[in-house]
Amino acid sequence: MFVDHLSLLDFRTYASLDLPLDRGLTVFVGPNGVGKTNVVEAIDWAANLSSHRVASDTPLIKTGSERAIVRIRVRRATQRTILEFELNSGRTNRVQINRAAPVRAREAMGILHTVVFSPEDLTLVKGDPGHRRKFLDDLATAMRPVLVAARSDYERALKQRNALLKSARHSRQNAESHRATLAVWNEQLARAGAAVMGARLQLLKALEPEVDLAYQQLTDGPKHVALHYECSSLDPAADPAALEHFSVADLYQLMLQAFDRVERQEQERGITLVGPHRDDMMISLGDTPAKGYASHGETWSTALALRLGSWYVHVADDPNEGAAPVLILDDVFAELDARRRQKLAQLVQRAEQVLVTAAVDEDLPQALRENPHRVVRVSPGQVGVEDSPADEAPPDRGEHD
Ligand SMILES: Nc1ncnc2c1ncn2[C@@H]1O[C@H](COP(=O)(O)OP(=O)(O)OP(=O)(O)O)[C@@H](O)[C@H]1O
Ligand SMILES: [Mg+2]
C-alpha cells in the first residue's frame, strides 16, 4: 500500500500542508528541527492512532490551535480510501472514512499500515518493559483491530481493581463484601487480560523467526535472537514453556489462579501485581539477554531487527497485493555504520512505499541514492518537492478538497 496524498492543518509545525506522495522512495531532507519527522509522524498516526514520539495527542496540535486535521489518501492495489481525522485537545477525535458520517476511531484502524524505524527504538531493547509491551500490543492491534476493545477493557478494569485494592487498605469495609466486589473485577480483568496475552503469545510465535532472520540479514553474525514471554501470572514454579500451548481459556484460568496466589501481597501493597500490564518480552542475543549485555551496535541491530521482523510478519499475515505496510525510516541512517546502512537500505527496498527522513543527503546509503527517488526539501512549516515522478504524471486530484 502507499499514501498518495497528505494534507495537514495545524499539525505540529504545519499551519497548512498539501503534499502529493507516490509509491517508491521519498526522502525528506532538511536541517534539524524543521519538521521532517512531523510529516512522517502524521502518516504513522493515521495508521495507529498514536504517535511513536508522544503518549497524548495534545503535542500534535499546533501551539495556539484548538484542533489539528490530518487527511490521508491511501492506495491499496486498486482501492483508494480517504482517512480524515480531527484531533481535539481533551475531547474525542473526529474520524471520517471516505467523507462519510463520523465513525468510532477504531474503525479507521487497519486501513493504513506503517512500520516506523526511529532512534527511539533503542528503548525496545534497553528500556523499561512498558516499551516492549506497547510494541507487541501495537503490532498485534494493527493486524487485528478488534484487540482495541480488549486493551481498553483491560485498562479500565485494572484502574477499578487498583482503586478497590487501595481503598480496602484504608477502610474497614466488611471483608465479605470486599471479596465479592474483588471477584467481579478479577473476572473482568482476567477476561480482557487473557485476550491481550493470547494475542501477544500468538504474535511472538510468528515474530521470533522473522526477527532472527532480520538480525542475520543485518549482521551476518553468529548470534541468534530469541524472544520469550515473561508472564507475571505464571506460577514461578511452573515451566514457562507450557505457556506456548495455552488457549485464551487457559490464560483466563491462569490469571484467576494468580490472583489467588498473590492475594495477600496485593492487599498489603494495594495494587494489581499480576497480569499483562506486568509482563515483558525477554529478548536474548546468543546466550545472554540483550538488555544489559548487548553492545551498542548489537543493541541497534536488535532494534532494527524487531522493526524489520514486524514488517515481515505483516507481509506474511496479509500476502495480498498492496497489503505491505508503508515503511518509515526516521533518522536512522545517521546512527548506523556504513555496512548496516547498506544492508538496511537493501532490505527496505522491498516495500511498495518507503519514506525516509535525513538531515543531510550524505546520511543516505549509496544503495538508496543510486535508486530513483523523490526528494522533499523541508524548511520551517513548508515543503518543496524535487525530482517528483508526479510532475510527469499528475495524480488524480479529483478526490480531495
Ligand atoms: N505542537 C507544536 N506546535 C508547534 N511547533 C511544534 C509542535 N510540536 C513540535 N513543534 C516543533 O517542531 C520542531 C521539530 O520538528 P521535527 O521533529 O519534525 O524536526 P526534524 O526536522 O525531524 O528534526 P531532526 O532532524 O532534529 O530530527 C521543533 O522545533 C518543535 O518546536
Ligand atoms: Mg526528526
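Taken together, the values in this text are just the output of simple stated rules run on the coordinates, not laboratory data. Since the structure is predicted, the reported quantities are computational estimates derived from the model, not experimental observations. Glycine gets a Cβ as well: all are built from the backbone with ideal geometry, and neighbour counts include every protein chain shown.
Figures for the structure shown
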{"item": "Listed residue (THR63, MET281, SER171) projecting farthest to the positive dipole end of the chain, Cβ model", "result": "SER171"}
{"item": "Ranked VAL27, VAL248, criterion: other C-beta atoms within 10 Å, fewest first", "result": "VAL248, VAL27"}
{"item": "DSSP H segments from the chain that extend 24 Å or more along their own axis, Cα-based, with Kyte-Doolittle mean of -0.5 or above", "result": "175-219, 296-317"}
{"item": "Normalised per residue, the volume of the convex hull around the Cα set of the chain (Å³)", "result": "158 Å³"}
{"item": "Unit charges on C-beta of K, R, D, E only; dipole of region 265-371, Debye", "result": "240 debye"}
{"item": "Choice from ALA338, ALA237, ALA249 showing the highest fluctuation, given a GNM over the chain with Cα pairs closer than 10 Å", "result": "ALA237"}
{"item": "Within the chain, helix-based [θ] at 222 nm, where runs of 4 or more DSSP H residues each add -39,500 (n - 2.57), nearest 500", "result": "-13500 deg cm²/dmol"}
{"item": "Charge dipole of the chain about the Cα centre (unit charges at C-beta), most positive-ward option of LEU201, ASN88, TYR215", "result": "ASN88"}
{"item": "Charge dipole magnitude, Cβ of K and R +1, D and E -1 - the chain, Cα centre, debye nearest 20", "result": "1220 debye"}
{"item": "Neighbour-count order for TYR229, TYR215, fewest beta carbons within 10 angstrom listed first", "result": "TYR229, TYR215"}
{"item": "If the convex hull is drawn through the Cα atoms of region 20-64, its volume per residue in Å³", "result": "108 Å³"}
